[in-house]
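Structure first, then comments.
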Amino acid sequence: MPGPPHARTVIREVAAAVLAELPAFADRLVERAAVEEKTFYARDDWMAPADMRQSFMDNARSALLLMSGEHEARDWMAAPLATGRRRAEQGVPLEAVLHLFRLGTELLWDMLLTAARRRSPDELDEFVDGVMVLWQATDRVSMAMVEGYRSREIQLQTRANRRRERLLGVLVEGRGVDPAVAADAEAGLGLPLHGRYVVVLVVCDLAAEDMAPVPELAAVGVRVAVAPYRDRVVWLLELGGVTPGRLAALLTPHLHHRAGMSGEVAGLAEIGIAYRLAELALQTQPAEVPGLAVLDDRLPEALVAASPRLAQRLAAKALGRVLELEDEERQVLLETLRAWFRAGRSAARAGELLYCHRNTVLNRLRKLEQLTGASLEDDRHQLCCRLALMAPRENP
């Protein structure tokens, strides 16, 4: 600590005098803090007055011990570290903690100056000359308190993340049908037992932005729990009064990887069903294409994805010898068929989509009929062809 030896003696004696007056100091600080807390933070339930008073005394004692040069022999850090940890557990914002600490520093300085003024003018001057020790001491106490706060905050967040991951895991595994499990999830996730839910699965790095909160959701009353599960990120969303379509529109700008959204289910007991539906929706989104696949917008594709072997068998039956053609010719015919369906079975409009003449489209369609052995005017064959075009193939 800086200052000449005699100044340090004066500071030590002044600090000792104030140590004896700490109860009165704490009473004044509690009274002022109660006013400040309500004025600036509109809260009076973060900490009990007795807790606040004791922490004020403990931290002021630490600062005074540092000023007196007794910190080598005494554990001055214990009090601010404990205060920081306790405030983190109580959910008091760090800004509020530091604000109250500054109030304490002001009152402590006032008490020290009052005690110093009881001494001779020369000693008062010596005290003022060495006052830097006060700011050094309070800075060290403040830093220790912040250290305690941050370390405990990280521990609490890690514990909360693990609990959230565990609860989402048991729900997507279908164990929410057990009332005890559902009740535990309701309490732990802060979501209602009964409600309108959807699940969104995102394929991304678990540290990516697709785990970040979406502010617009809270604004419309959608409640969210997000956690990694296996190689996915699971979003569990309680819709409130929002439609699934509106939710998809809100999410889409924020999802930059492949994602699938389930249909709506009722309550935490059905989250396992929603998870499987979201997985089906995800399977309808090509692997190389980012974006959100909404199940209710892709039900035919989801039916195909639900039974890939049966879908491949249907494709082989519907498309027949088309699948045996060389890659280029096969792709031309299949793209023509897709365009024809998109154009409402109009050869002219299909030609516009494909940048070719109407007669070219008709010729390709006739070849398709020859190779499949069925007429494209047959409704059943059309249905099978549409589904076959959605089916994955080993040789696309």
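Computed values, structure above
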{"item": "Pair list, Cβ < 7 Å and 6+ apart or interchain, from region 340-364 residues that are hydroxyl-bearing (Ser, Thr, Tyr) to residues that are buried (at least 16 other Cβ atoms within 10 Å of the Cβ) and in a helix (DSSP H, G or I)", "result": "Thr360/Gly351"}
{"item": "Residue count for region 340-363, restricted to those that are of a type outside the set (A, V, I, L, M, F, W, C), in a loop (DSSP other than H, G, I, E, B) and surrounded by 14 or more Cβ atoms within 10 Å (Cβ to Cβ)", "result": "1"}
{"item": "Every pair of residues 6+ apart whose Cβ atoms lie under 8 Å, when the first sits in region 367-393 and is under 18 Å from Glu329 (Cβ atoms) and of a type in the set (D, E, K, R) while the second is open to solvent by less than 30 Å² (accessible area, probe 1.4 Å) and in a helix (DSSP H, G or I)", "result": "Lys367/Leu333; Arg393/Ala315"}
{"item": "Residue under evaluation Tyr149, criteria (1) buried (at least 20 other Cβ atoms within 10 Å of the Cβ); (2) touching a Pro at 6+ places or on another chain (Cβ under 8 Å); (3) at pLDDT 90 or above; (4) assigned to a helix (DSSP H, G or I), criterion not met", "result": "(2)"}
{"item": "Residues satisfying the stated conditions in region 299-320, i.e. open to solvent by 60 Å² or more (accessible area, probe 1.4 Å), in contact with a helix residue (DSSP H, G or I) (Cβ under 9 Å, 6 or more places away or on another chain) and without any contact (Cβ under 8 Å) to a residue 60 or more places away in the chain", "result": "Ala306, Leu310"}
{"item": "Failed item, numbered, when Ile154 is tested on (1) within 30 Å of Leu108 (Cβ to Cβ); (2) surrounded by 14 or more Cβ atoms within 10 Å (Cβ to Cβ)", "result": "(2)"}
{"item": "All positions within region 224-242 that are within 16 Å of Arg196 (Cα to Cα), modelled with pLDDT under 95 and either open to solvent by 50 Å² or more (accessible area, probe 1.4 Å) or among the acidic types (Asp, Glu) (or both)", "result": "Val224, Gly241"}
{"item": "Residues of region 185-199 classified as in a strand (DSSP E or B) and of a type in the set (D, E, K, R), total", "result": "1"}
{"item": "Unique match (being in a helix (DSSP H, G or I), touching a residue at least 24 places away in the same chain (Cβ under 8 Å) and open to solvent by less than 60 Å² (accessible area, probe 1.4 Å)) among Leu323, Leu292", "result": "Leu323"}
{"item": "From Val289, Val304, Val322, residue being touching a Lys or Arg at 6+ places or on another chain (Cβ under 9 Å), modelled with pLDDT under 90 and of a type in the set (A, V, I, L, M)", "result": "Val289"}
{"item": "Lone qualifier among Gly221, Gly240 - being over 30 Å from Leu64 (Cα atoms) and within 18 Å of the chain's Cα centre (by Cα)", "result": "Gly221"}
{"item": "Only listed residue being closer than 22 Å to Ala17 by Cβ and out of contact with any Gly (no Cβ under 6 Å at 6 or more places or on another chain), chosen from Glu106, Glu165, Glu89", "result": "Glu106"}
{"item": "Near pairs, Cβ below 8 angstrom, 6+ apart or cross-chain, from region 8-21 (without any contact (Cβ under 8 Å) to a residue 60 or more places away in the chain) to any residue that is not in a helix (DSSP H, G or I) and not basic (Lys, Arg)", "result": "Arg12/Gly69"}
{"item": "Any hit, region 246-267, residues being open to solvent by 40 Å² or more (accessible area, probe 1.4 Å), assigned to a helix (DSSP H, G or I), charged (D, E, K, R) and in contact with a His (Cβ under 7 Å, 6 or more places away or on another chain)", "result": "no"}
{"item": "Test: residue in region 365-372 that is open to solvent by 10 Å² or more (accessible area, probe 1.4 Å) and more than 23 Å from Gln312 (Cβ to Cβ)", "result": "yes"}
{"item": "Residue check for Glu72: modelled with pLDDT under 85 and assigned to a loop (DSSP other than H, G, I, E, B)", "result": "yes"}
{"item": "Near pairs, Cβ below 6 angstrom, 6+ apart or cross-chain, from region 55-68 (part of a helix (DSSP H, G or I)) to any residue that is modelled with pLDDT under 90 and of a type in the set (Phe, Trp, Tyr)", "result": "Ser62/Trp76; Leu65/Trp76; Leu66/Trp76"}
{"item": "Pick from region 91-130, criterion surrounded by fewer than 19 Cβ atoms within 10 Å (Cβ to Cβ) and either in contact with a Leu (Cβ under 8 Å, 6 or more places away or on another chain) or among the hydroxyl-bearing types (Ser, Thr, Tyr) (or both), ranking: farthest from Ser55 (Cα to Cα)", "result": "Ser120"}
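To keep it simple, each residue is scored yes or no on (1) at pLDDT 85 or above; (2) closer than 30 Å to Gln157 by Cβ; (3) touching an Asp or Glu at 6+ places or on another chain (Cβ under 6 Å).
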residue: Arg32; (1), (2), (3): no, no, no
residue: Met47; (1), (2), (3): no, yes, no
residue: Asp51; (1), (2), (3): yes, yes, no
residue: Ser62; (1), (2), (3): yes, yes, no
residue: Arg85; (1), (2), (3): yes, yes, no
residue: Val92; (1), (2), (3): yes, yes, no
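The values are calculated or read from the model by the stated rules, or taken from the named source; none is laboratory data. Computed from a prediction, not measured in an experiment: that's the story for all the values here. Quick reminder, even Gly has a Cβ in these numbers, built from the backbone with ideal geometry, and neighbours come from all protein chains shown. To get the accessible areas, we keep the full protein, side chains included, count just its heavy atoms, and leave off ligands, DNA and RNA. Shrake-Rupley method; radii C 1.70, N 1.55, O 1.52, S 1.80 Å.
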